[in-house]
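This report concerns only the one structure given below.
The values are calculated or read from the model by the stated rules, or taken from the named source; none is laboratory data. These numbers were taken from a predicted model, which means no experiment stands behind them. When we count neighbours, we look across all protein chains shown, and the Cβ atoms used for this are built from the backbone with ideal geometry, even at glycine. These accessible areas exclude ligands, DNA and RNA; they are computed on the full protein's heavy atoms, side chains included. Shrake-Rupley method; radii C 1.70, N 1.55, O 1.52, S 1.80 Å.
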Amino acid sequence: MSDGAVSRREALATGAVLLGGAAAQRTPVYVPPPPGKKPGWALVGLGKLTIEELLPAFARCEKSRVAALVSGVPEKAKALAARYGVPEKHIYDYEAFDRVKDNPDVDVVYVVLPNSLHAEYTVRAAKAGKHVFCEKPMAPTTKECREMIAACRAANVRLMIAYRLHHEPHHLRATDLARGKELGVQLVIADLTQQVPPGTWRTDRKMGGGGPVPDIGIYCLNAARYLTGEEPAAVRATTFTPKDDLRFGDVEQRCLFTLSFPSGAQANCSCDYGLDDVSQFTMIGPDGSARMDNAFRYRGLKMTVTQRGVQRVTELAQIDQFAAEIDLFSQCILENKPHKTPGEHGLQDVTDIEAIYEAARSGRPVKLNS
Ligand code: NDP
């Protein structure tokens, strides 16, 4: 299953049991795993995000622990395993990865690889009988997203896409405001720009699944979806690629896209790989507006709400966004709970991204979700 109720196999994998014979099979009794059971996670790909954010986040997790590491660089994996208390026998390289199947200490595989590898490792993890937590964007193509969902369903394991802002207090408050009567948002303006270094998978169209759109534009797109609570009905887009910057031989530097929603709400979004860091959104309704600075960053989010000319800063906790989403998935597994970002949610973003690129290529609006 990609989400939803726990199955017999899933329950057993987490230490929970389903009781009863034939009658109970129709309405299984769910007995939670022993108190204190923390699902073990295998991190696949020891790059910047894993080293700088995820491994430290696990130290702040209450319901999750690092159980294994998967890497193509053994010395790095050994050094990190020693630092984070992972047994050396729980280090795998990419060829040996499928052996996690035989490691009962691993309950969840966290795919933190370049985007073009998300589908392969999700499918392999599912075949190994492990739940999958996969970084955004889910995959470069909708075809791969569907294969990932099908593989997890066939293996009866859960699949969650790592949208950390769905659990972040400022974004949750913004969503309430946007959808409620207080603001009744009709226009979202979202921008995420940053400089990318040359020669990484991010400027390789095949490995990234595009340029800045799937990597950073996805934050603007996804925010527009959860702020409005709607799926886009149409998209328009343009891209810009400079001739004199060697980073942009394969991918665009910039994409501007406009999403139109069925209610009439619209979102105007920009993402750029060659400009200084800006990370913000503004949402505007008939009687008020809200602006979020550092909106898509890991820390330092700040929301200012303006109503009837009065401006106030919303004071909310700054949480460890990674620890929160990791623990949430562990909890969903342990307690048989659904979550907000299953494979289908990731697939919708990738569907929209394909439409954004088609609109940019054709110069025409592309209809969606009709
Ligand atoms: P990095 O390039 O820093 O790390 C990727 C790692 O993947 C490498 O270090 C390497 O690990 C492994 N890898 C395996 N095969 C390849 C290959 N052919 N080329 C390059 N690397 C390979 O990327 P990030 O850590 O920044 O991003 C990883 C994923 O996380 C991406 O999907 C990205 O979109 C997502 N991400 C999400 C963020 C969020 O806020 N949710 C923020 C940043 C990234 P090893 O050396 O161990 O083999």
- On the given criteria, is THR122 in the same structural domain as SER64 (by TED's automatic domain parsing), away from the ligand (no atom under 14 Å from the Cβ) and of a type in the set (S, T, N, Q)? no
- Query: What number of residues within region 329-340 satisfy the criterion of being open to solvent by 30 Å² or more (accessible area, probe 1.4 Å) and within 13 Å of the chain's Cα centre (by Cα)?
  - Reply: 1
- Those residues of region 130-149 which are part of a loop (DSSP other than H, G, I, E, B), within 15 Å of LEU347 (Cβ to Cβ) and either more than 13 Å from the ligand (Cβ to nearest atom) or without any contact (Cβ under 8 Å) to a residue 60 or more places away in the chain (or both), in sequence order: THR141
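Suppose we filter GLY288, GLY274, GLY343 for residues that are open to solvent by less than 30 Å² (accessible area, probe 1.4 Å) and closer than 30 Å to HIS131 by Cβ; which single one remains?
On the way: GLY288 fails: closer than 30 Å to HIS131 by Cβ; GLY274 fails: closer than 30 Å to HIS131 by Cβ.
Just one listed residue meets the conditions, GLY343.
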- Message: Can you report the number of residues in region 84-129 which are buried (at least 22 other Cβ atoms within 10 Å of the Cβ) and either modelled with pLDDT under 95 or not in a loop (DSSP other than H, G, I, E, B) (or both)?
- Response: 12
- Sort out which residues of region 130-152 are open to solvent by 10 Å² or more (accessible area, probe 1.4 Å), under 25 Å from ALA323 (Cβ atoms) and touching a Gly at 6+ places or on another chain (Cβ under 8 Å), and write them in order of number. LYS136
- Task: For region 60-80, name all the residues that are part of a helix (DSSP H, G or I) and either in contact with an Asp or Glu (Cβ under 9 Å, 6 or more places away or on another chain) or among the aliphatic types (A, V, I, L, M) (or both).
- Result: ARG60, PRO74, ALA77, LYS78, ALA79, LEU80
- Note on the structure: Going through (1) farther than 27 Å from HIS166 by Cα; (2) free of Cβ contacts under 8 Å to residues at least 60 places away in the same chain one by one, PRO262 fails only at (1)
- Task: Sort through GLU75, GLU52, GLU95, GLU88 and tell me the only one that's more than 24 Å from ASN336 (Cβ to Cβ), free of Cβ contacts under 8 Å to residues at least 12 places away in the same chain and either away from the ligand (no atom under 14 Å from the Cβ) or basic (Lys, Arg) (or both).
- Result: GLU88
- Within the group ASP176, ASP191, which residue is part of a helix (DSSP H, G or I), of a type in the set (Asp, Glu), in the same structural domain as TYR273 (by TED's automatic domain parsing) and within 29 Å of ALA290 (Cα to Cα)? ASP176
- Message: Could you check region 298-334 and list, in sequence order, the residues that are in contact with a helix residue (DSSP H, G or I) (Cβ under 9 Å, 6 or more places away or on another chain) and in a strand (DSSP E or B)?
- Response: LYS302, MET303, VAL305, THR314
- Filter result (closer than 14 Å to ALA360 by Cα and in a loop (DSSP other than H, G, I, E, B)) within region 208-222: GLY210, GLY211
- Task: Could you list, in sequence order, all residues of region 188-230 that are within 12 Å of the ligand (Cβ to nearest atom), open to solvent by 40 Å² or more (accessible area, probe 1.4 Å) and small (Gly, Ala, Ser)?
- Result: GLY199
